[in-house]
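See structure below.
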Amino acid sequence: MLCFTYTYLKAPASCGFIATASIRLLAIRSSLFTWLMNAEIKKQYPNAECTKTIKIFAFFMCEVLHFFNLIGSPKGPTQKMNLFQSITSALDNTLASDPTAVIFGEDVAFGGVFRCTVGLRDKYGKDRVFNTPLCEQGIVGFGIGVAVAGATAIAEIQFADYIFPAFDQIVNEAAKYRYRSGNLFDCGNLTIRAPWGCVGHGALYHSQSPEAFFAHCPGLKIVIPRGPIQAKGLLLSCIADKNPCIFFEPKILYRAAVEQVPEEPYTIPLSQAEILQEGSDVTLVSWGTQIHVLKEVASMAQEKLGVSCEVIDLQTILPWDIETVCKSVVKTGRLLISHEAPVTGGFAAEISSTVQEECFLNLEAPISRVCGYDTPFPHIFEPFYTPDKWKCFEAIKKMINY
Amino acid sequence: MKTMLAIISNALCRMTGRNAGAQTVSEGARVVVSRSFADFTPQATFDIKKCDLHRLEEGPPVKAELTREQGLQYYRTMQTVRRMELKADQLYKQKIIRGFCHLYDGQEACAAGIEAAINPSDHLITAYRAHGYTYTRGVSVKEILAELTGRRGGVAKGKGGSMHMYAPHFYGGNGIVGAQVPLGAGIALACQYQGNNQVCVTLYGDGAANQGQLFESYNMAALWKLPCIFICENNKYGMGTSVERAAASTDYYKRGDFIPGLRVDGMDVLCVREATQFAADHCRAGKGPIIMELQTYRYHGHSMSDPGVSYRTREEIQEVRSKSDPISMLKERMLSHNMASVEEFKEIDIEIRKQVEEATQFATSDPEPPLEELCNHIFSKNPPLEMSK
């Protein structure tokens, strides 16, 4: 009881919704564990004296677990940062703690076209932060080599639209290295970063969201943050992860999203979706920029239709958190998935297919996908192309009235 | 004032025996002092810089002939491209043009010189700095500016934007760096296959010169002796990276290794023309591909988002502008050889300014493409696309 209260009260000291929730959960779990242990021991050793030692031991265990949890959760001094600054912070932390880490890509030396690597070359030297010539296939191939040899490689592709010359290297080389060598080699030290998604004026080749192409490839991890706090935590997780990761950064949020981000390193676990808002009628799933649209849609739905929406940020596209989404759909019975990429073959199709397999009898209405149209990303038609809040709202209405 | 000059000019006319009625005095109190065309040198020969050669016994001639008409035409072309690009700059800053805009001013001699040496039936493909080539390949300034502003009167119906402009025998306009080079080799293959004696001019920049697909194209073109002229427009900076920092070898004309190459002064329209003529003859004779490196310079940054001064000094830009500006060089040459008058050039300038103004009017007032165009032209025969989603 004591340790439960202790841990529970300590939780608010750390910032962030997940952290608090998870610490509280941990407190409950650890207390339960203690109680069970207590009960078990009492059964085995009816002597009263032992239980005191056990209690102290259990308390100590709680503290230890709590301590470990705090390492993983954001705490300490924070600073107002936008998305590109939080990325710089994550890279800064990595270069400081990992002497083998190198960052390379087109124009990263002066700071990068989106300022994600500003100051790093001056701080860590030109042999750790350097420019490559204009050759994406070369960049990724080179990165795989660096990773396989044991160094931490962080490659930048200037725009996700340019990643396609490197597609063969990523899919055929990076993703399959561990498998084909029987775990003798792997390029888990490789992380590829690329600006992603629509930006308002990007047109065909500065707006693409190619996550679906890579989702079809086992062996890769694909991660997309929705804001600065998530970006730093997820990027550090990707870098630490022992698998090749592609980290897409929503370019429209580089300056637009500003949050209080901890200066110390912290990680957010991969393959865990985050429930931003709990609800009972409809589940809304998305990632990246589109999550902010869905949050708005959720409040619109509450106001105008009295519909309570559960908003889930998938965060990791591959491997994705099937459990969280399915649990939510079992509760609400309706699912809407939204992304900017074209609807045919987009990742919403995969989610939709899996959910109907797992939760068929719980569905009240067909699963709705509100995505980009099956056209190249247009120049002048962008406002019509993107899945805005009105299209999502309409879809919710349809599902409710099904 | 007007009448006095009219009297004098009439007197002069009587002296030279020309028809007085043919003299016109322009509006707005601007008097053009008419000179007889016999006063101008019809043709002159100029010394041009010798080209560096790679795997070639002899190169293009070191002297170029220029007629008055040609000179004025090149001037007009280059000045139109210059004014059009500056207008695009202005419109971008006013946010009438949005998206990405890569301007060509400074490099006009390349477009004008190449066009002068090839036929309209030859083919040309380039990367995203394409406005100049779109004009030289026959698209009007009006259509180019309307495409930049995304209107239905644009050359690609407003759907392509700055980087995607096309015309007959001009294949754009390509956003992905280096991706147009294998396409160019393919077009050359089609020319060879069809036996039509046409060549394909495939352009790329110093940044793209490090892309793997170029070397694949060189190999195929050389293996099959394709009539492809690979041209590297070396403007010394791949976006913000100077050539020394990006390339192990900055001799771009030698990078084709087994393909012969020329290094050409890209700021001199005559030099470019002679070299392209030489290259086209080489290809048409069935000798296979050839590489040209045009040493040129761009005044603007890489795109409108790039001020262009963080990786090079303003002094450098100023120096190039004052010493090697292609338009000034041509103008001075013609004036020093008495091939045209200052007033004539001024008149051309004014005409071009007017043309660009009219084009801007059109580009800003034309309506945007209709919504049906969003899903149009995805496939050859469009299946109806569900717009409900």
Checklist entry - Which lysines have a Cα lying under 22 Å from the Cα of residue B:225, excluding residues fewer than 8 positions away in the same chain? => result B:254, B:287
Next on the checklist: Between the range A:287-355 and the range B:42-112, how far is it from one alpha carbon centroid to the other, in angstrom?
Outcome noted: 54
Checklist outcome for this item: Here, residue A:398 and residue A:79, labelled 7 Å along Cα→Cβ, have an inter-label distance in nm of 4.7
Item to check | Distance histogram for chain B (every C-alpha pair counted, 20 angstrom bins, percent rounded to whole numbers) | outcome: 26, 53, 19, 2, 0
Checklist entry - Accessible area per residue of the range A:252-302 at 1.4 Å probe, in Å²? => result 40
Next on the checklist: Classify the range A:274-401 from the C-alpha gyration tensor, please: rounded if a/c falls under 1.5, else prolate or oblate depending on whether a/b exceeds b/c.
Outcome noted: oblate
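What accessible area per residue, rounded to a whole number of Å², is obtained for the range B:280-386 using a probe radius of 1.4 Å? Before the final figure, lay out the partial values.
On the way: 5830 Å² over 107 residues.
Accessible area per residue, the range B:280-386: 54 Å².
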Checklist entry - So how far, in whole Å, is the C-alpha centre of the range A:242-275 from the one of the range B:328-369? => result 52
Next on the checklist: In Å², and per residue, what accessible area does the range B:84-208 have when probed at 1.4 Å with the other protein chains present?
Outcome noted: 30
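If I compute solvent accessible area with a 1.4 Å probe over the protein chains, what percent of it on the range B:43-373 is carbon and sulfur?
Numbers: 6440 of 13000 Å².
Roughly 50 percent of what the probe reaches on the range B:43-373 is carbon or sulfur.
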Checklist entry - Past the 29 Å Cα-Cα mark, which pairs from A:295/A:331; A:80/A:251; A:295/B:381; A:251/B:95? => result A:295/B:381
Item to check | Whole-number D in µm² s⁻¹ for the range A:325-396, Kirkwood Cα-pair radius fed into Stokes-Einstein, 25 °C, 0.890 mPa s | outcome: 190
Checklist entry - What nm distance separates the two modelled labels at residue B:318 and residue B:305, each placed 7 Å from Cα along Cα→Cβ? => result 3.0
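Based on the alpha-carbon gyration tensor of the range B:313-359 and its eigenvalue square roots a ≥ b ≥ c, which shape applies: rounded if a/c is under 1.5, prolate if not and a/b is larger than b/c, or oblate?
Details: a/c = 3.88, a/b = 1.23, b/c = 3.16.
Oblate.
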Checklist outcome for this item: Among B:219, B:234, B:376, the residue with the largest mean-square fluctuation in a Gaussian network model of chain B built from Cα contacts under 10 Å is B:376
Checklist outcome for this item: Share of accessible surface on carbon and sulfur in the range A:327-376, whole %, 1.4 Å probe and ligands ignored, is 50
Next on the checklist: Please report the accessible area of residue B:74 (heavy atoms, 1.4 Å probe, ligands and nucleic acids excluded) in Å², nearest 10.
Outcome noted: 10
Checklist entry - With the Cα gyration tensor of the range A:134-181 giving a ≥ b ≥ c as the square roots of its eigenvalues, does the rule (a/c under 1.5 for rounded; else a/b larger than b/c for prolate; else oblate) give rounded, prolate or oblate? => result oblate
Next on the checklist: Please list log₁₀ I(q)/I(0) at q = 0.10, 0.12, 0.22 Å⁻¹ for the range A:77-193, using the Debye equation with identical point scatterers on the alpha-carbon positions.
Outcome noted: -0.30, -0.43, -1.23
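Starting from the range B:290-389, pick out the GluC sites (Glu not before Pro) whose DSSP state is loop and whose Cβ has at most 11 other Cβ atoms within 10 Å.
Working: sites: B:293, B:315, B:316, B:319, B:332, B:343, B:344, B:347, B:351, B:357, B:358, B:372, B:373, B:386; in loops: B:386.
Passing both the DSSP loop test and the Cβ count: B:386.
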Checklist entry - Could you state the number of Å between the C-alpha centres of the range A:183-222 and the range B:122-151? => result 32
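Rounded to the nearest 0.05, what FRET efficiency do residue B:354 and residue A:322 give with R0 = 56 Å and r taken as the Cβ-Cβ distance? Could you check?
Working: r = 66 Å, r/R0 = 1.17.
That gives a FRET efficiency of 0.30.
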Item to check | Long-range amide H partners of residue B:167 with built H, under 5 Å | outcome: B:172
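Using only the Cα atoms, what convex hull volume per residue in Å³ does the range B:255-360 have?
On the way: hull volume 18.7 nm³, N = 106.
For the range B:255-360, the hull spanned by Cα atoms encloses 177 Å³ per residue.
Enter the buried accessible area of the B/A pair, total of both sides, probe 1.4 Å, in Å² rounded to the nearest 100.
Approximately 2600 Å² gets buried when B meets A.
Please report, in debye to the nearest 20, how large the charge dipole of the range B:43-373 is about its Cα centre when each Lys and Arg carries +1 at its beta carbon and each Asp and Glu carries -1 there. Mind showing how you got there, number by number?
Values: 38 positive and 42 negative charges, 74 e Å.
Dipole size: approximately 360 debye.
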Item to check | Inter-probe distance in nm under a simple model that places probes 7 Å from Cα toward Cβ, at residue B:244 and residue B:152 | outcome: 5.4
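The values are calculated or read from the model by the stated rules, or taken from the named source; none is laboratory data. Given the structure is predicted, the values throughout are model-derived calculations rather than measurements. All Cβ positions, glycine included, derive from the backbone under ideal geometry; neighbour counts span all protein chains shown. Accessible surface areas use protein heavy atoms only, side chains included; no ligands, DNA or RNA. Shrake-Rupley method; radii C 1.70, N 1.55, O 1.52, S 1.80 Å.
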